[in-house]
1. All other residues with a Cβ under 14 Å from the Cβ of residue 291 taken together, and with Lys, Arg as +1 and Asp, Glu as -1, what is their net charge?
2. Provide, in order from the shortest bin, the percent of all Cα-Cα pairs of the stretch 106-191 in each 10 Å bin, continuing until the bin that contains the maximum pair distance.
3. I need the trypsin sites (Lys or Arg not before Pro) found in the stretch 143-185, filtered to DSSP loop residues with at most 12 other beta carbons within 10 Å of theirs.
4. Compute log10 of I(q)/I(0) for the chain with the Debye formula, placing one identical point scatterer on every Cα and leaving out solvent, at q = 0.08, 0.13 Å⁻¹, to two decimals.
5. Using 0.36 nm times the number of residues separating residue 135 and residue 62, minus their current alpha carbon distance, what extension gain do you get?
6. Within a Cβ distance under 15 Å of residue 43, other residues only, what is the Lys/Arg minus Asp/Glu net charge?
7. If you add up the charges near residue 256, with Lys and Arg at +1 and Asp and Glu at -1, over every other residue whose beta carbon is less than 12 angstrom from its beta carbon, what do you get?
8. How about residue 29: which aspartates and glutamates have a C-alpha closer than 16 Å to its C-alpha, ignoring those fewer than 8 places off in the same chain?
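Any read-out appearing in this document is the output of simple, stated calculations on the displayed coordinates, not a laboratory observation. Keep in mind that this is a model prediction, so the values were computed, not measured. So basically every Cβ, Gly included, is an ideal-geometry build from the backbone, and we count neighbours across all protein chains shown.
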Amino acid sequence: MVSPGIRNLVLLLGLAAPLADAAAAQTAKPALRDAVTVTSDIVRIGDLVENAGAVADVAIFRSPDLGTTGAVETSRVVDAIRQYQLIDIDTRGLAELVVTRASRAISPQEISARVAQALSEQCGLGKAADISVNYDREPRALQVEPNAVGELQVRALACDPRTTRFDVTLDLPTSAELHRHPARFTGTALETVAAVAVEHPIEHGEVLKASDLTVLRRPKSEAGALSNIEAAVGLAARHQLRPGQPLHAADLMRPDIVAHNDTVTIVYESPGLVLTLRGQAQDAGALGDTIGVLNVDSKRVIQGVITGPGRVTVHAVTTRIADAPTVISQPPPVETSE
């Protein structure tokens, strides 16, 4: 059984630990932080100094611009704090302090998507996904407060359907910075269509794979190119293909599966009879093409259809004998007497 005296001693010791920690915190020496991230437009003493005590919320500097980083010399920090009776600061040997202003970045891609949507809805330039936006001056990411939520709003928009020039001003109501200073962009818009092109040079006869292809956006006036990668996969280049050039149906062909002088199997088919012979292709061709093939045994060249790799099929020609014409006899003329 624990005696009352020991129990009281344990309780005192338990209370003493938090009190000691609190006292240590009050007496802990103020020390500079080497790197600071702030969310406000002002920098407070507590942002720069650990254990700043009662003056932690006192503002002493303006923050850098949103999304940027600035440096301040240690001597300037110490001088600015001295008037608040915070002395004997441990500078940790730092020559300067680095201060970063936290932000949320709105990328140029997000800006362009919002502009294209506005042009689609208000200027009749087709679907937003088909509009290419070209700026007079390329936009940089917009930096707003970290807690600024929502999408960009169009404050003003002017566009000329004839020239497709536009002038748009964007705002974000939840951002005090962007609401005070809206972003304005000018340029031209272009309605585009999808066009398939090769990723790298392709030589004549080379068969295209999905990994060889990409989809570009081209002006709508250039419509006519293949728009779906699947439409080109498995076909061969009719001539040399270069990256950046939209592919048209005329640029591609079915790949040859029989080459000139290839040894092939000639399959002769007629009703109730199938013969296989050895032959030599006189032409190159793709599946379904008709080519000349030499019957090695008879040395005769016949025409057949390529029905598979190394396989040419010859169908027997059925000769139809025309029926003899039917003679219809006419009755003799009837003589009449006067």
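1. -2
2. Bins of 10 Å from zero give 18, 53, 25, 4, 0 percent of pairs.
3. Sparse-neighbourhood loop trypsin sites (Lys or Arg not before Pro): 162.
4. Debye output, listed in q order: -0.76, -1.07.
5. 23.0 nm
6. Overall, the nearby charge balance is -4.
7. Residues near residue 256 contribute -2 overall.
8. Counting by Cα, and skipping residues close in sequence, residue 29 has these aspartates and glutamates nearby: 21, 47, 50, 88, 90.
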